[in-house]
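Following: one structure in structure tokens, then a few remarks.
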Amino acid sequence: MVALSSALAVVTTGASAGQDAPKPAPDPPKPPDGLAAYERLARPTERHRVLDALAGTWSVEGTTYGARGEVMKATGTSENTWILGGRFLECRLRTTVGESSVESVTTLGFDVRSGLYQSVALATIRTHMVFVQGSYYGPSRTFVLRGQDVDAATGARYVRREMIRVEAADRYVVEVFAEVPGRPPIKAFSGVYTRH
């Protein structure tokens, strides 16, 4: 038994002696000047400044269109302020729709990586966040943003299209549509925002 143990020791030692020792894993790549590189890339650009047209305090007069054809008027205010050093525009909307109070927080920004405007919205009428992204069309001063969504009541999947059109320094219009393949777009909301 001792001879077998000695033989195994010689064989295993001999096998590992001919191999190089394992090398440590390389360090992950680092930016040349650390956090400063990220800070340079995260500076607001002139594309962020396009959102300035939406900043401020606004009166909102709108209409919501229900899935069964019901139409309800919405009135309220939206306080749109720059946050995080001018990188994002936070829009806090408080409205009355019919007899219900609805609040939402929408954050708009421009992603320099993708070259797209983005929006994420939370509201008291849902438990999920809505994410849309898209482009700004300068000649018409319109943002067109799209994203996948699921209707909470029916479970139906659709493309949500939001259009934000700046009509003047003191007025912009928001329209929201549901797009289902093979059907014309269904308007869900339209609202006029007038600067206070």
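Every read-out reported here was derived from the displayed coordinates using simple, explicitly stated rules and does not represent laboratory data. Model, not experiment: these values are computed from the prediction. Here Cβ is always computed from backbone atoms with ideal geometry, including for glycine, and neighbour counts include all displayed protein chains.
Per-structure values
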{"item": "Orientation-averaged projected area, Cα convex hull of the chain (nm²)", "result": "21.8"}
{"item": "Label point at residue 196 placed 7 Å out along Cα→Cβ; residues across the stretch 76-96 whose backbone nitrogen lies under 19 Å", "result": "76-83, 89-96"}
{"item": "Degrees between helix 2-17 axis and first principal axis of the chain (Cα, 0 to 90, nearest 10)", "result": "60"}
{"item": "Pair residue 152, residue 126: separation of 7 Å Cα→Cβ label points (nm)", "result": "0.8"}
{"item": "Within the stretch 88-177, trypsin sites (Lys or Arg not before Pro) in DSSP loop having at most 15 other beta-carbon neighbours inside 10 Å", "result": "113, 126, 141"}
